[in-house]
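These notes concern the structure reproduced below.
The values are calculated or read from the model by the stated rules, or taken from the named source; none is laboratory data. Bear in mind that the values here come from a model prediction, so they are computed numbers and not experimental data. No Cβ is skipped: glycine too gets one built from the backbone with ideal geometry, and neighbour counts run over all protein chains shown.
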Amino acid sequence: MDPNAAYTSAAGVLQLIPEMIVVGGAVFVFVGGTFAKSKTAWSWVAAAGLAAAGLALWTQKVPGGFAGPIAVDALGYTLRWLVLLLGGVFVLALARPAAAGQAPEVTGSLLLAIAGGMIVSVSGELVLLFVALETISIPTYVLLYVGRKDSASQESAAKYFFLSILSSAVTLYGFCFLYGVTGSTHLAEIARVLQNTSVAAVADWGPLPDLALVLIFVGLAFKIAAAPFHFYAPDVYQGTTHENAMLLAVLPKVAGIAALIRVTTLAMPLAAGTGWRIALFLAVVTMTVGNMTALWQKNVRRLLAYSSIAHAGYLLIGLAAGFAATLGPQGSRPEEGLGASVFYLVVYAFSTAGAFAALAYLGSPERQVDTVAELAGLGRTRPVSAAALAVFMFSLAGVPPLAGFWGKLSLFLSALDVRSSPGLGASRQTWFIVLAVIGALNAAVAATYYLRVVATMYFLPPAKEPRAEGGGAVRTAGGLCLVAVLLIGLLLGPMLIQATQDAVQASAPVPPPKPAQQAQIDGAPPSIVR
Amino acid sequence: MYDLGYLMVLIPALPLSAAVVTAALGKRVLREQSHWPALAAVAASFLASAVLLYRVYEASRSLPPGSTGFQQTVSLWNWAFIEGARPPFDLAINVTLRADPLTAVMLVMVTLVSTIVIIYSIGYMRGDEGYWRFFAYVSLFVFSMTMLVSVSNFALLYVFWEAVGVCSYLLIGFWFHKPEAAAAGKKAFLVNRIGDFGFALGVFLLWQIFGTLNFESVTQPDGTVVQGILGEQYLQQGYPAGSSTLLVAACLLLFAGACGKSAQFPLHVWLPDAMEGPTPVSALIHAATMVTAGVYLVARCAPLFLASQVAPYVVAAIGGFTAILAALIALTQTDLKRVLAYSTVSQLGYMFLSLGTCSLAGVTAGMFHLFTHAFFKALLFLGAGSVMHAMGGAIDMRDFSGLRRVMPRTHVTFLVGCLALAGVVPLSGFWSKDAILGALHDRAHEGLDPWIFHVLYYLGLVTAVLTAFYTFRAFFRTFYGPERVPAEAGHHAHESPSVMTLPLVVLAIGAAAAGGLQWWFADFLGRTPSLSAPAMKAAGPAVGFHWDVALLSTVAAAAGIGLAAALYLKWRSSIESSAAIYQSPLYRVSWRKFYFDEVYLLTVVWPLRAVGYICFFLDFMIDNLVNLCGWIPRGLGIVLRPLQVGLLPFYALAMVLGLLVLIGSLLSWY
């Protein structure tokens, strides 16, 4: 990048018009909330804001490359659409709790978090990225705090608050090292520096790039609830409402994976050797811990919390494969694993959001569904809700022909496509085969608890009839998720996998390394990993 | 000629649509009116079949003398296509329907009997809670059966072979809440599966030999001709000599399928049990139509069997043996429907005996017996059903007697059926049985291996005596003697309603008069391409009437009837009170059906069950091993759960420790 060029430009700022609309909406809600007493109007305002942002996004072109700190590329475009659509689901799901409580605070905070998620998707610069991540976190604290007025809720809000701050600090620490090594906060510049470097420079840096990677990875692993940074999730989900749990399970995960892809896999090729090991290790631990512990859960939000932990593990498979493919050999496609992860995000987000929406619908504002046992006989008492919940469970379990199947398929295939570089022995490929096998075993174990929910609904006699007073808005949210899951599963799956992989490929900050440089990266001296 | 194609499609399509309509609307909408779709569709199907028969007859008559017979096919769509399945052959299964004299005759017979039985069922099944279900199944059966005789390809023949088996299973177990009915349905299905397995292997072998499964030759789009198994070239020039061993195997395997479906020894055990189904089903499926599918198959493939040289002997031997075996069992049975069931087995054996001669005369005689048998056996079954209806469900002949005054119309029509079955001049059974014996007689006096056919000829005569005896034994025991009705009938034992007796009358007329069609029938059937092959014609002329044979068979029938009259009219009381007869070993062997069920239980069922138990045990072990593996994740869960202590400082510590471990490992790599 030309150091004399303006750090940011009018064209770059204009790229953020959709986010500005969403933030503007949030401001309008916050300010208006002090004057107008209405409680139901704010959700409409939020929905209108999101629709306007969608319109603005629709008219944007995807030129590719960077406009200052804004990464205007296909990956950003894809992720922004995902966050925006999920934002619509969140607004619908939270409409009723908002109307029942502090509507302006809830709606405004939600809009800010959505805006934060969209900015993370397009961040091409470390400071912007950090600010965007905090733009998600801080409104989330508020949402958790106002969600329910009991001690469990307060406790969960406090836990999330403190641990989130800790993770932010670790992330920031990693960013510092990255800046220190490369002299830039700009991801394109960082990628350039970390790629075109001499043996001497690499020796000079020592382990610092890898240290930065570890710190960033750990900080963001908290966002996606990967073990052993996952402990907050079960407690927090259980202590809050279904609607808040939905937000927590989905939005930070999208942001975390987006940031991990942008910063670690795409911008730090030099540290890829460390990266694939960490990602693989965390994937195995996270999947296993999540699934094994989920087997024992009776509380349905806790069950889904462990489920979301396990899915963080699956998401890391694609990341690990992406790292490994960055190292070569020639012809490896980092975008295969990374695209699979992005696609899995889509699948996971709609399945999980749908499950939470269905559960929220089945409860009432006073009393929500807490245990799996309360779902007994739902197939007879609430056939439509039961069928929808069953579809989400099957999708999460990865049963064809639903969306989750395509997600797991693309992830495991990307792991199996990893090849060892010549001269390094077969170890890397072996590790990834082991990873795919462990992933498949975990998927089988996971089916146990997902299907237990289905079995409870269909094979047990009805307990007492659920209230099902969640309201029409959350029902619509669940319906949208159902359509997405079925549509992706039956029709769009393979096409979307290809599309996300193409998007990732088009969004690499620097062109793929040439074979000569490849050898340098892959060889012994530049990397600390031998 | 297009209208012939429309007819061919219409005949099976109508019952199928009736089945769909009845299945969809029967339970809620049609309810007590559920018979209308089936009746309308099958009756229309019969009319279409009659028109088809007439057109085929016209067309075949206008053929020049010495031509190769008449057939027409209509190809609907391509069901399966595998290019180069066995180079150079493609596996192409076209849904092709055919019209030729053999198919036309079968279609008319099937749809006519079906129509009559459906009318009868309106009365017989009235008030049953599965009323709509019954007519849905019967319509489905008529569809499957008409397709079975219409298709022009061995693969599709197999498909509908199984389809009629399924319908049979559904209808035997129609009253599935009765354990005997459910067990009988299962038995029928399983025994049939054994035969069908042979059939499937036979079809595979045919594919191996011929590289096609089509009956007729098919001209492909590129102009090459795939010679059908029953196509012009093979019929006129004979089958390739090199494949004779395979051909024998294929024919015998096909015959195994025929044995299962047509209840021939050793697979005959299912048919008597199948009488647990509703009586109209016994009449339609297990007497007149489905069980003749095996006969149709062998008749259809007659040139093939003839070319294999060995297979016809097996067919004739099995047929002859079954005929006399079943007749011997029928002598002592007291369940009226079972007597008729064993009679059916015996008569089917007669048909195979006739087909086994593999001369044109034998095949047409066998088919003609199939045709007349359909009338008089359906008549007898429906008559038995009428008795059963009046007796409140009792069908054991020891429970009732002297019903001729109670049920006069049933009595007369049943008598016609008995006379026809016994082969009394001039009823239809006489002519068809005589044709069979004549064909055997001819075969015994000319051609190869005369002694075998001599034996079979006399076997046939003895069977004729036995047939006449057991038929009239049943008749006299039911309708003569002191008037007795069982308790189940209550005080109002009465003649059945006319919706049931009218079909009896129609069938009785058919059973009495159908014999007159014999010469026309044989001539017409002989115009089927596969039966007009030179090889078939060389094996003997179509029809020959032998005065000596006719005389002998009449004497045989008279002897049987006379013996029955003597025993059951004159000395009835002394017979029934004589314990010595019931204790005699011969009586017991016949009464216990030659212990076939027991032998099969000992040699087949128990060993298989023992193997089953061993497998079950292994499965149990493996299952538990798998369950043990299933506990590993849960065990891991138990270990991991206590980490979730709920304390914020511990969570923070865990995160920091995780970070330190990662950094530590990083530095250790460095």
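For the reader, a short list of remarks on this structure follows.
- Test result for B:G366, under 24 Å from B:C251 (Cα atoms) and of a type in the set (G, A, S): yes
- Within the range B:229-255, tally of residues that are surrounded by 17 or more Cβ atoms within 10 Å (Cβ to Cβ) and modelled with pLDDT of 85 or more: 11
- A count restricted to the range A:302-344 and to residues that are outside any helix (DSSP H, G or I) and of a type in the set (K, R) stands at 1.
- Hey, A:S427 touching a helix residue (DSSP H, G or I) at 6+ places or on another chain (Cβ under 8 Å) and either under 25 Å from A:R301 (Cβ atoms) or of a type outside the set (V, I, T) (or both) or not: no
Residue-by-condition table, conditions (1) in contact (Cβ under 8 Å) with a residue 60 or more places away in the chain; (2) assigned to a helix (DSSP H, G or I); (3) under 21 Å from B:V42 (Cβ atoms):
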site	(1), (2), (3)
B:T245	no, yes, no
B:A250	no, yes, no
B:F255	yes, yes, no
B:I285	yes, yes, yes
B:T292	yes, yes, yes
B:A307	yes, yes, no
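Condition check ((1) over 30 Å from A:E336 (Cα atoms); (2) modelled with pLDDT under 90) across all residues:
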position	(1), (2)
A:F459	yes, yes
A:P466	yes, yes
A:A484	no, no
A:V510	no, yes
A:G523	no, yes
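- Single residue of the range A:165-224 satisfying the filter (modelled with pLDDT under 85 and at the interface with chain B (Cβ under 10 Å from one of its Cβ atoms)) that is nearest to the chain's Cα centre (by Cα): A:P207
- The residue that is surrounded by the most Cβ atoms within 10 Å (Cβ to Cβ), among those in the range A:467-506 that are in contact with a Phe, Trp or Tyr (Cβ under 9 Å, 6 or more places away or on another chain) and not in a helix (DSSP H, G or I), is A:G470.
- Residue in the range A:286-314 that is nearest to A:A226 (Cα to Cα), counting only those that are of a type in the set (A, V, I, L, M) and at the interface with chain B (Cβ under 9 Å from one of its Cβ atoms): A:V289
- Close pairs from the range A:242-268: first over 26 Å from A:A355 (Cα atoms), partner acidic (D, E), Cβ under 6 Å, at least 6 apart: none
- Every test in (1) at pLDDT 90 or above; (2) more than 14 Å from every other protein chain (Cβ to nearest Cβ); (3) in contact with a Phe, Trp or Tyr (Cβ under 6 Å, 6 or more places away or on another chain) is passed by A:Y160 save one, and that test is (2).
- Check on B:L667, over 41 Å from the mean Cα position of the chain (by Cα), farther than 30 Å from A:Q238 by Cβ and either within 14 Å of chain A (Cβ to nearest Cβ) or in a helix (DSSP H, G or I) (or both): yes
- Each residue in the range B:645-670 was checked for being of a type outside the set (F, W, Y) and surrounded by 17 or more Cβ atoms within 10 Å (Cβ to Cβ), and 8 of them qualify.
- So A:V347, is it aliphatic (A, V, I, L, M), in a helix (DSSP H, G or I), more than 14 Å from every other protein chain (Cβ to nearest Cβ) and out of contact with any Cys (no Cβ under 6 Å at 6 or more places or on another chain): yes
- Any hit, the range A:118-126, residues being farther than 25 Å from A:G68 by Cβ and either crowded, with 19+ Cβ neighbours inside 10 Å or without any contact (Cβ under 8 Å) to a residue 12 or more places away in the chain (or both): no
- Residue that is nearest to B:Q644 (Cα to Cα) [pool: residues in the range A:258-276 that are more than 8 Å from chain B (Cβ to nearest Cβ) and not hydrophobic (A, V, I, L, M, F, W, C)]: A:G275
- In the set A:L389, A:L362, A:L396, A:L409, only one residue is without any contact (Cβ under 8 Å) to a residue 60 or more places away in the chain, crowded, with 16+ Cβ neighbours inside 10 Å and on the phi < 0 side of the Ramachandran plot; that residue is A:L409.
- Residue list for the range B:196-215, restricted to those being out of contact with any helix residue (DSSP H, G or I) (no Cβ under 7 Å at 6 or more places or on another chain), surrounded by fewer than 22 Cβ atoms within 10 Å (Cβ to Cβ) and part of a helix (DSSP H, G or I): B:F197, B:F204, B:W207
- Taken together, the residues in the range B:576-600 that are under 24 Å from B:P482 (Cβ atoms), surrounded by 13 or more Cβ atoms within 10 Å (Cβ to Cβ) and without any contact (Cβ under 8 Å) to a residue 40 or more places away in the chain amount to 2.
- Scanning the range A:221-242 for residues that are surrounded by fewer than 24 Cβ atoms within 10 Å (Cβ to Cβ), in contact with a Lys or Arg (Cβ under 9 Å, 6 or more places away or on another chain) and assigned to a helix (DSSP H, G or I) turns up at least one hit.
- Residues in the range B:257-279 that are β-branched (V, I, T) and part of a loop (DSSP other than H, G, I, E, B): B:V269 only.
- Residue in the range A:283-297 that is within 27 Å of A:A188 (Cα to Cα) and hydroxyl-bearing (S, T, Y) present: no
- Members of the range A:233-247 that are acidic (D, E) and more than 14 Å from chain B (Cβ to nearest Cβ): A:E243
- Subset of the range B:375-398 [basic (K, R) and surrounded by 24 or more Cβ atoms within 10 Å (Cβ to Cβ)]: B:K377
- Of all residues making up the range B:634-664, the number that are over 14 Å from A:W296 (Cα atoms), assigned to a helix (DSSP H, G or I) and more than 7 Å from every other protein chain (Cβ to nearest Cβ): 8
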